[in-house]
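Inspection log for the structure reproduced underneath, given as structure tokens.
The values are calculated or read from the model by the stated rules, or taken from the named source; none is laboratory data. Because the structure is predicted, anything quoted here is derived from the model rather than measured. Backbone-built Cβ (ideal geometry, glycine too); neighbour counts: all protein chains shown.
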């Protein structure tokens, strides 16, 4: 009886080994889409970031977009309650109230159009309330699984006749009104000794000095002559 059981168990054990070998490594972060096709329009991508802390919850996820997708091409479809979407310079952020420790952050975004590429890698940073950061940023190479793999979405070939859309125009940033500039008050020129001296030397008020001196000298001569004349008259 034991021999029969052993013989029956052998194929099952071998099958289990094959299944385990074929199973993918445990996914820390992942991305999937029902529209995983090159040049697909309005494709919805579902992301999942596993909560790998027993004591702190996820409160923010940052994603770097692959080439061919700009921040203006992405919009939020679904996220944990209270979480908000914010586009950045080269990607986007979803964040909000902390999730329970161990709970995964799951959210969905819509991409205006997927690029014409065989696969897309979304480098991801997962933030926790205790400042821990999980960095899922490594790109798988030659079929090998890196230690910190980025979420990768494999794309089917573009549908016949599919063409790239025109580039999305980001929302214009409002230009702040210019701050009015108050002209500086014109300083009142101060009177200096140099200015006064310059005025006198250039024919200003000081130029009347010689005339006054000449008049005084003439008056003195006249008075002296009158006195002399009176004395002479009295002597005669």
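Quick look at the numbers
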item	result
The lone exception for residue 55 - which of (1) under 16 Å from residue 30 (Cα atoms); (2) not in a strand (DSSP E or B) it fails	(1)
Selected residue (criterion: nearest to the chain's Cα centre (by Cα)) from residues of region 63-116 that are under 16 Å from residue 129 (Cα atoms), part of a strand (DSSP E or B) and free of Cβ contacts under 8 Å to residues at least 40 places away in the same chain	93
Test: residue in region 32-52 that is touching a residue at least 12 places away in the same chain (Cβ under 8 Å), in a loop (DSSP other than H, G, I, E, B), closer than 19 Å to residue 135 by Cβ and under 26 Å from the mean Cα position of the chain (by Cα)	no
Filter result for the condition that a residue is under 21 Å from the mean Cα position of the chain (by Cα) and in contact (Cβ under 8 Å) with a residue 12 or more places away in the chain, over 125, 120, 165, 153	125
Criterion (within 22 Å of residue 74 (Cα to Cα) and out of contact with any strand residue (DSSP E or B) (no Cβ under 7 Å at 6 or more places or on another chain)) met by exactly one of 101, 115	115
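Listed here are the residues, each with its yes/no results for (1) at pLDDT below 55; (2) loosely packed, with under 12 Cβ neighbours inside 10 Å.
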{"site": "107", "(1), (2)": "no, no"}
{"site": "120", "(1), (2)": "no, no"}
{"site": "158", "(1), (2)": "no, no"}
{"site": "168", "(1), (2)": "no, no"}
{"site": "196", "(1), (2)": "yes, no"}
{"site": "203", "(1), (2)": "yes, yes"}
{"site": "215", "(1), (2)": "no, yes"}
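Yes/no matrix, rows are residues, columns are (1) within 30 Å of residue 158 (Cβ to Cβ); (2) surrounded by fewer than 15 Cβ atoms within 10 Å (Cβ to Cβ); (3) at pLDDT below 95:
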position: 43; (1), (2), (3): yes, no, no
position: 59; (1), (2), (3): no, no, no
position: 70; (1), (2), (3): yes, no, no
position: 82; (1), (2), (3): no, yes, no
position: 91; (1), (2), (3): yes, no, no
position: 104; (1), (2), (3): no, no, no
position: 132; (1), (2), (3): no, yes, no
